[in-house]
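The values are calculated or read from the model by the stated rules, or taken from the named source; none is laboratory data. Since this is a predicted model, take the numbers as computed values, not measurements. Every residue, glycine as well, gets a Cβ built from its backbone with ideal geometry; the counts of neighbours run over all protein chains shown.
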Amino acid sequence: MPAHETSHKSIILKHPSGAEAEVRLFGATVTSWKVDNTERLFVSKEAILDGSKAIRGGIPVVFPIFGTDEKINLPQHGFARNSDWEYVGLLTDNDEVSVRFSLKDNQLKQSQRSAWPHSFRLNYTVALTEKTLRTTLVVKNEDEDTFEFKTLLHTYFQISDISKIAVNGLTNLTYIDKVQNAAKLVEENQKVTIAGEVDRVYSNVPEEVTIEEDGQAKYRIVKTGMKDTVVWNPWIDKAKGMGDFGDEEYHNMVCVEVGSVADWVKLGGGQTWTGGQVITAFMSELKEQLQRFSSKAEDIVDAIGQPLKPYIPAMSRFLIVATFLEDSLRIITQWSDQVFYMEKHRGFFWGLSHIFLALNVILMLSCSSLVIAKKHQEYAVYGLFAVVILQAFGYGLVFNMSFFLRNLSVIGGLLMVLSDSFNKRKQMFAALPQMSETDRREYFQLAGRILLIFLFIGSAFHGEWSFGRVLVSLVGLAAAIMVIVGFKAKWSAIFLILFLSVFNVLINNFWATQHNHFQRDFLKYDFFQTLSTVGGFLLLVNIGPGGLSLDEKKKAF
Ligand SMILES: O=P(O)(O)OC[C@H]1O[C@H](O)[C@H](O)[C@@H](O)[C@@H]1O
């Protein structure tokens, strides 16, 4: 959903890129704007959010007066930021998603209507793209006579340290310095830095102003229809004097507010006026470079993978069951050795050993074929689960850690097959009617992802340590965690496929061993189990991590 209402009377707006904003109906105040999972607006921890006071932070809308006015008996900055606005609805246009709010004179308190006795409508739009937030105010004079107003979008920007920021674009402009008895001054600095209380109204400001932090652009503010820009930071004493502002919070905020406040805007009867801003949030250079690199690399992998794509599902299914196919062939080709082993070492009596081995072979061959052929997949997967359990008990490997970890991964691969089958078959799991098909698919995908990484963990911590191995294992571990939480899961799965394939060929090289066939068989068994896990990761690359993942959460719209 691109926009939904919350229980605390606010609208959450979501852009497919992951950008998000929250707008309270009280004051139509934008109280949150997140880009790249980072909050960009400042809201005080002491802010009062129960509607008894204007919100200290975000973007309060100032209208129809700025500050106080001797002739108009309204609270400081007018009534717009203290009124409950109406949510008009959602609009989507190309890349932009937006929500609109409105406030009409008949929604005001009687005292406010008499203090500013005009018939009007305000329409306020809050719009998101990947990196921008647009807030546009439209004032409609629904009277016959002209009225006058001042307005301002009182944006509180989130910054990490006030001593590191500078505001650009104000050089040579005249400003009223409210800290110096409203003296009229000219800005001489190229960059306006803040090292004390600042409260200035700059007039006739060009369209674009930027805020930089540590010399790098952090926000760009482009205004339309409005002439002035206010720069405000209360600094130490004023901060202490405000009940809804933390004593130290002045370090982390700066207000750069676009508006028309130096002069009154005159609006004729029946006329409309429009003003607003588009704010762009920039990332740190390093973050941006990383993102550029990763999207380029993704394109390259996509281009290489394209011709292989149609074969990936079949290939991954084949690999997932490879271990079962190999195992059944081994039992068949070494039938008498196997019977002997079961009777001598596992205490099976004659006949039971034959039944046990035959049952395994039949289950493994038939169920593996069904998985590859994509027929009755769920029953096939249960059949293979049964084989894993039968073997754990039959061979006495229940408490063997390495067997356990490896088989968890094989089960993980099978779970991926199962989840992939869910969108095709509807009437499964009659016993779990409360779960929807999609829910089940997502839970199995999540469980599959978690289990798949166990074999990697087993392999990464097996054998001699060297600096190179530590490094590769650490990167692999990061990839494993990314697979589990489903962040860039396809990417991480590709990395683990490469890692496990190289590891498999180098370590489980049964074809090159001179050992007796038992050891050779162990290596062979490990080799095919690793192949099965690789198959599971391959299926993950193909079907994606599923809804319960950060990757999908970002796309949720
Ligand atoms: O405390 P408030 O009414 O929200 O006003 C906060 C500030 O808003 C603007 O930036 C004014 O220029 C300041 O003089 C004022 O202190």
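Of the residues Leu170, Leu137, Leu153, only one is modelled with pLDDT of 95 or more, touching an Asp or Glu at 6+ places or on another chain (Cβ under 9 Å) and either of a type in the set (Phe, Trp, Tyr) or in the same structural domain as Gly78 (by TED's automatic domain parsing) (or both); which? Answer to the check: Leu153. Within the range 262-280, residues that are assigned by TED's automatic domain parsing to the domain that holds Thr38 reach partners that are part of a strand (DSSP E or B) and acidic (Asp, Glu) with beta carbons closer than 6 Å, at six or more positions or on different chains, in the pairs Ala262/Asp228; Trp264/Glu148; Lys266/Glu148.
What's the total number of residues in the range 513-524 that are at pLDDT below 85 and assigned to a helix (DSSP H, G or I)? Can you show your working first?
Looking only at the range 513-524, we keep the residues that are at pLDDT below 85, and these are 513-522.
Retained after the next criterion (residues that are assigned to a helix (DSSP H, G or I)): 517-522.
Qualifying residue count, the range 513-524: 6.
From the list Ser44, Ser83, the lone residue that is over 21 Å from Glu5 (Cβ atoms) and either within 10 Å of the ligand (Cβ to nearest atom) or touching a residue at least 12 places away in the same chain (Cβ under 8 Å) (or both) is Ser44.
Every condition in (1) in a loop (DSSP other than H, G, I, E, B); (2) within 11 Å of the ligand (Cβ to nearest atom); (3) of a type outside the set (Ser, Thr, Tyr) is met by Val256 except one, and the failing one is (1).
Rundown of residues vs (1) more than 16 Å from the ligand (Cβ to nearest atom); (2) under 16 Å from Pro234 (Cβ atoms); (3) without any contact (Cβ under 8 Å) to a residue 60 or more places away in the chain, yes/no style:
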{"residue": "Gln158", "(1), (2), (3)": "yes, yes, no"}
{"residue": "Asn172", "(1), (2), (3)": "yes, no, yes"}
{"residue": "Asn189", "(1), (2), (3)": "yes, no, yes"}
{"residue": "Gly196", "(1), (2), (3)": "no, yes, yes"}
{"residue": "Tyr202", "(1), (2), (3)": "no, no, yes"}
{"residue": "Glu207", "(1), (2), (3)": "yes, no, yes"}
{"residue": "Glu213", "(1), (2), (3)": "yes, no, yes"}
{"residue": "Lys218", "(1), (2), (3)": "yes, no, no"}
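Counting only strands (runs of 3 or more DSSP E) that fall entirely inside the range 1-109 and contain at least 3 residues that are β-branched (Val, Ile, Thr), the qualifying elements are 30-35. Filter the range 99-114 for residues that are of a type in the set (S, T, N, Q) and under 13 Å from Ala80 (Cβ atoms) and give the result. Correct list: Ser102, Gln107, Gln112.
Can you tell me which residue in the range 6-41 is nearest to Asn141 (Cα to Cα), limited to those that are in contact (Cβ under 8 Å) with a residue 40 or more places away in the chain and of a type in the set (Asp, Glu)? Once the filter is applied, the top-ranked residue is Glu20.
Residues of the range 47-80 being acidic (Asp, Glu) and within 12 Å of the ligand (Cβ to nearest atom), which ones?
Once the filter is applied, which keeps residues that are acidic (Asp, Glu) and within 12 Å of the ligand (Cβ to nearest atom), the range 47-80 yields nothing.
Table: residues versus (1) closer than 28 Å to Pro16 by Cβ; (2) modelled with pLDDT of 95 or more.
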{"site": "Asp50", "(1), (2)": "no, no"}
{"site": "Gly58", "(1), (2)": "yes, yes"}
{"site": "Thr68", "(1), (2)": "no, yes"}
{"site": "Ala80", "(1), (2)": "no, yes"}
{"site": "Gly89", "(1), (2)": "yes, no"}
{"site": "Asn106", "(1), (2)": "no, yes"}
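Exactly one residue out of Pro60, Pro64 is within 27 Å of the chain's Cα centre (by Cα), surrounded by 15 or more Cβ atoms within 10 Å (Cβ to Cβ) and in the same structural domain as Gln271 (by TED's automatic domain parsing): that is Pro60.
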